[in-house]
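See below for the structure under consideration.
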Amino acid sequence: MTALPKNLPLAVPATLGVVAAGAGAWLLVRAVRWRKDPAERERRRRIHIHVNGRMGEAMLYQASVTKLRYRYQLAGVAYDTSQDISGIHELLPREPERLLGPALVKYDPRNPFNSIVICEHWSGFRESKQS
């Protein structure tokens, strides 16, 4: 390691130390914020897709109070995926078994497997007169 020149003003090393300490504090805060519990991370994922996702047609073929399974097609590629709804099942418009059939899906255009059929602010379920 080389020594600092003797004529270097004291403010330069002090400034570098403050910048390094600030960067370390910022990284620590980011690490703590990232360690959210899984339910909070899932809620943020749903909201992100709701706000930034694209919409398409899906076919819901299995539903329970904990999981929805559905298929949809984008640009000739079929996606068969599921959504964990255990934390938001109270938002379902009716019994899960009665939701089977066509629905809307919102998906991340960069990763179409990352999709939702329902979240806190949106639902892709079609309203029917038999509800």
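The values are calculated or read from the model by the stated rules, or taken from the named source; none is laboratory data. Here the structure is a predicted model, which is why all the values come from computation and not from measurement. Counting neighbours? That spans all protein chains shown, and the Cβs are built from the backbone with ideal geometry, glycine included.
Observations
- Matching residues in the stretch 51-64 - criterion: being without any contact (Cβ under 8 Å) to a residue 40 or more places away in the chain and surrounded by 12 or more Cβ atoms within 10 Å (Cβ to Cβ): Tyr61, Gln62, Ala63, Ser64
- The stretch 65-83, subset out of contact with any strand residue (DSSP E or B) (no Cβ under 6 Å at 6 or more places or on another chain) and assigned to a strand (DSSP E or B), residue farthest from Gly124 (Cα to Cα): Val77
- Among (1) surrounded by 12 or more Cβ atoms within 10 Å (Cβ to Cβ); (2) part of a strand (DSSP E or B), the one test that Arg45 misses: (2)
- Qualifying residue in the stretch 19-35 (condition: modelled with pLDDT under 95 and surrounded by 11 or more Cβ atoms within 10 Å (Cβ to Cβ)): no
- Ile85 meets the conditions (1) in contact with an Asp or Glu (Cβ under 8 Å, 6 or more places away or on another chain); (2) buried (at least 17 other Cβ atoms within 10 Å of the Cβ) in every case but one. The failed one is (1).
- For the stretch 113-130, a residue qualifies if it is over 15 Å from Glu42 (Cα atoms) and either surrounded by fewer than 13 Cβ atoms within 10 Å (Cβ to Cβ) or out of contact with any Lys or Arg (no Cβ under 9 Å at 6 or more places or on another chain) (or both), and the qualifying residues are Ser123, Arg126, Glu127, Ser128, Lys129, Gln130.
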